[in-house]
Amino acid sequence: MAEERARISIVDVPSLSRGGAKAPEERTVTIGLTVGALILTLALGAGVRLWNIASVPPELHPDEYAGWLGITSMLAGKVQPSVFLNYGVVYLPLYGVFEVLSSLLFGVTATALRLPAALLGTVTVLATGLVGYQFVPRRLVLLAAALSMAILPWDISVSRIGWEPAAMLPFLLFGLYFLRRGLYASSSRDIVIAFALLAIGAYSYRAESFYAVTLTIALLAIEFERTRKMAQELWIGLAVALAILGPLALSVLAQPHLLTSGPAQGTFDPGVNAGSLAEFEYLYTRHFSLAALFVTGDGNLQHGPPVGVLYPWMAPFILIGLLAPPSVFPSRARVFAVIWLLLYPFGGALTDENGGQHFIRTLAGAPLFCILTAIGIETCRGSIATLAARHRWPAGLANAWQPVLVAAVCVQFAQFCSAYFVRYPVQAARIFHYGDRDVFAFVKAHDAGVDRVCFTSLDAWNYTAQTGFYMPGNAPALFGWMDPACRTPHTLLSLQNRSEAPPGAQFLGTVQNYDGTSRAFFYQLP
């Protein structure tokens, strides 16, 4: 049965592309071609995530170094150990751990802080292919799902930034992969690995916990008979997960307000009423907007350039994948995919920050769309091959759709690369706090004999992280506002506008934005 074949391991993938046994020599060649294609796909995914990573986006956003700052501060004993890293905006620690390890090897640079995101994004490429294969065990699904994720605007934008969401998908996807494989192979080891990965992922990004719990419950319910037979192993896995989640649970109990702290408002914070339900419905349905998915994105430049998070060429294959016949897409796998699709908008619908889509909190949908695309491509391949054999089409006619698809993929990928690597740095400079590094470099160069430094040129949400990262150790007193003390002698001022300078202040210079306009004006009160 198709669903039983899902228990076969990755080395057996080639034999599942079509029915019938293969000679050992042919099977060996096919395995080699599959592994080679997968390695090339991973290399492409890594390359597009690593290329010029220190300069695009053009500067480190405070979200990118807050994790590093929190972990190093705890290790140095400057702050109390906690799961929550509180810098005005509250972060979870997993990506910060990766940043610290990377910085130990490569120093505290933009490349070092972003490198784990690129590597985790490459792991996500592999995980997407394996999850797709786990549900539809065909070689083309494995490779097409992985390739779709390798070049996907949604994930590329996330995995070139050193922030919490970059650590979510590998743990979520491999957790689901091992869980289903464990159920089908009756493997207690796989079950324990699955629960451990899903639990570790809870320390990556707050949305992960929702998707891990709901998708796990859905999978276990769909595979009820296997769940019942593996009940003991599942209880052991759950115990392992609860042990891993212990510190997080204790932190939530001690500081429950930090779990939802941040600029976003919970949709149901005012209570469950007609207004909040209407808002939830609006936000939920907005995540199925074709314009947002395929053309514009969610409008937040921190999340990527103003292009769709999916490629237009994927749209027909996603639909075909959903409607694929049971011979290609087994019924239980399809039910799980539909549940996944219905759950995907919840991360952006339960909170309201942009008044519309939020494609970072709903990042869990990205691999699903890649898997459905791959199933759609496999369905087209099989259907066209069947029609060609039945009607004895010429080989050129039967295969004519393939170069058209390849051309569409290449053209749209090139268009995205142009949008991301050429236009995006200019568009995103302000939201990525371009000039912060130069602001603090100017301050350090002029703080001799200064008692205090006052800023109006910094973002209030991220002020604590900015000053902690760029001005650690002994430094003048720092004020993120125009305190009365800021009008006294021996004060250095970093101002957003010239008009904020008090009488008698001596002008020192400016720092420029990416586009050449003034980022900050510096004055000193002698």
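The values are calculated or read from the model by the stated rules, or taken from the named source; none is laboratory data. None of these values were measured; they are calculated from a predicted model. We place every Cβ from the backbone using ideal geometry, glycine too, and count neighbours over all the protein chains shown. The area values use the complete protein model at the heavy-atom level, side chains included, leaving out ligands, DNA and RNA. Shrake-Rupley method; radii C 1.70, N 1.55, O 1.52, S 1.80 Å.
Annotation: of all residues in region 460-516 being in contact with a helix residue (DSSP H, G or I) (Cβ under 7 Å, 6 or more places away or on another chain) and open to solvent by 70 Å² or more (accessible area, probe 1.4 Å), the one that is farthest from E59 (Cα to Cα) is D515.
Table: residues versus (1) among the β-branched types (V, I, T); (2) within 27 Å of L341 (Cα to Cα).
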residue	(1), (2)
A221	no, yes
L253	no, no
H257	no, no
V272	yes, yes
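The residues on offer are L115, L94, L60, and the sole one that is touching a Lys or Arg at 6+ places or on another chain (Cβ under 9 Å) and not acidic (D, E) is L60. Note on region 94-117: residues that are open to solvent by 20 Å² or more (accessible area, probe 1.4 Å) and touching a strand residue (DSSP E or B) at 6+ places or on another chain (Cβ under 7 Å) amount to 0.
Anything in region 106-145 that is under 15 Å from F329 (Cα atoms) and either aromatic (F, W, Y) or modelled with pLDDT under 95 (or both)? List them, or say none. Within region 106-145, Y133, F135 meet the criteria.
Would you confirm, using the coordinates I've provided, whether V48 is of a type in the set (A, V, I, L, M) and touching a Cys at 6+ places or on another chain (Cβ under 9 Å)? Taking the combined requirement at face value, the residue satisfies it.
In the condition set (1) under 18 Å from V158 (Cα atoms); (2) out of contact with any Lys or Arg (no Cβ under 9 Å at 6 or more places or on another chain); (3) not aromatic (F, W, Y), A278 is compliant with all but (1). The condition of being part of a helix (DSSP H, G or I) and either without any contact (Cβ under 8 Å) to a residue 12 or more places away in the chain or open to solvent by 70 Å² or more (accessible area, probe 1.4 Å) (or both) holds for R437.
Condition check ((1) at pLDDT below 75; (2) buried (at least 18 other Cβ atoms within 10 Å of the Cβ)) across all residues:
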site	(1), (2)
M1	yes, no
E4	yes, no
I8	yes, no
P24	yes, no
T28	no, no
I39	no, no
R49	no, yes
Y65	no, yes
V83	no, yes
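Return the residues of region 446-473 that are hydrophobic (A, V, I, L, M, F, W, C) and either in a loop (DSSP other than H, G, I, E, B) or within 29 Å of the chain's Cα centre (by Cα) (or both); say none if nothing qualifies. Listed by number, the residues that qualify are A448, V450, L458, A460, W461, A465, F469, M471.
Taking each residue of region 405-418 that is within 14 Å of G308 (Cβ to Cβ) and looking for partners that are open to solvent by 30 Å² or more (accessible area, probe 1.4 Å) and among the aromatic types (F, W, Y) with beta-carbon atoms closer than 6 Å, six or more apart or interchain, yields nothing. For F416, are the conditions met, namely being in contact with a helix residue (DSSP H, G or I) (Cβ under 7 Å, 6 or more places away or on another chain), assigned to a helix (DSSP H, G or I) and crowded, with 17+ Cβ neighbours inside 10 Å? Against the criterion (in contact with a helix residue (DSSP H, G or I) (Cβ under 7 Å, 6 or more places away or on another chain), assigned to a helix (DSSP H, G or I) and crowded, with 17+ Cβ neighbours inside 10 Å), F416 qualifies. When the criteria are applied in full, L120 meets the requirement of being open to solvent by 10 Å² or more (accessible area, probe 1.4 Å), closer than 18 Å to H303 by Cα and part of a helix (DSSP H, G or I). Among the candidates P316, P345, P330, P325, the residue that is over 27 Å from C380 (Cα atoms) and modelled with pLDDT of 95 or more is uniquely P345.
Output yes when any residue across region 270-280 is surrounded by 14 or more Cβ atoms within 10 Å (Cβ to Cβ), within 22 Å of L350 (Cβ to Cβ) and touching a residue at least 24 places away in the same chain (Cβ under 8 Å), and no when none is.
Within region 270-280 (the criterion being surrounded by 14 or more Cβ atoms within 10 Å (Cβ to Cβ), within 22 Å of L350 (Cβ to Cβ) and touching a residue at least 24 places away in the same chain (Cβ under 8 Å)), the answer is yes, since at least one residue qualifies.
Taking region 346-359 as the search range and keeping residues that are open to solvent by less than 10 Å² (accessible area, probe 1.4 Å) and part of a helix (DSSP H, G or I), which one is farthest from A207 (Cα to Cα)? Once the filter is applied, the top-ranked residue is A349.
Against the condition modelled with pLDDT of 95 or more, open to solvent by less than 50 Å² (accessible area, probe 1.4 Å), of a type outside the set (D, E, K, R) and over 24 Å from I161 (Cβ atoms), how does V309 come out, does it pass? Judged against the criteria, V309 is not a match. Within region 295-324, which residues are closer than 19 Å to Q134 by Cβ and not in a helix (DSSP H, G or I)? Across region 295-324, the qualifying residue is only A324.
What about T362, is it in contact with a Phe, Trp or Tyr (Cβ under 9 Å, 6 or more places away or on another chain), among the polar types (S, T, N, Q) and outside any helix (DSSP H, G or I)? In short, yes. Going through region 187-217 one residue at a time, which ones are free of Cβ contacts under 8 Å to residues at least 24 places away in the same chain and aliphatic (A, V, I, L, M)? The answer is I193, V213, I217. Total residues in region 419-434 satisfying the condition of being surrounded by 13 or more Cβ atoms within 10 Å (Cβ to Cβ) and closer than 30 Å to P316 by Cα: the figure is 5.
When you check R519 against the structure, is it in a strand (DSSP E or B), within 30 Å of G304 (Cβ to Cβ) and of a type outside the set (D, E), yes or no? Considered against the rule, which asks whether it is in a strand (DSSP E or B), within 30 Å of G304 (Cβ to Cβ) and of a type outside the set (D, E), R519 comes out as yes. Among the residues of region 385-396, are any of a type in the set (S, T, N, Q) and touching a residue at least 12 places away in the same chain (Cβ under 8 Å)? No; the residues of region 385-396 include none that is of a type in the set (S, T, N, Q) and touching a residue at least 12 places away in the same chain (Cβ under 8 Å). Taking residues in region 289-300 that are in contact (Cβ under 8 Å) with a residue 24 or more places away in the chain and closer than 17 Å to E353 by Cβ, and partners anywhere that are of a type in the set (G, A, S) and not in a helix (DSSP H, G or I), the pairs with Cβ atoms closer than 7 Å and at least 6 places apart or on different chains are G297/G304; G297/G308; D298/G356; G299/G356. Within region 281-306, restricting attention to residues that are open to solvent by 30 Å² or more (accessible area, probe 1.4 Å) and of a type in the set (S, T, N, Q), which residue is farthest from H257 (Cα to Cα)? Checked region 281-306; the qualifying residue farthest from H257 (Cα to Cα) is T296.
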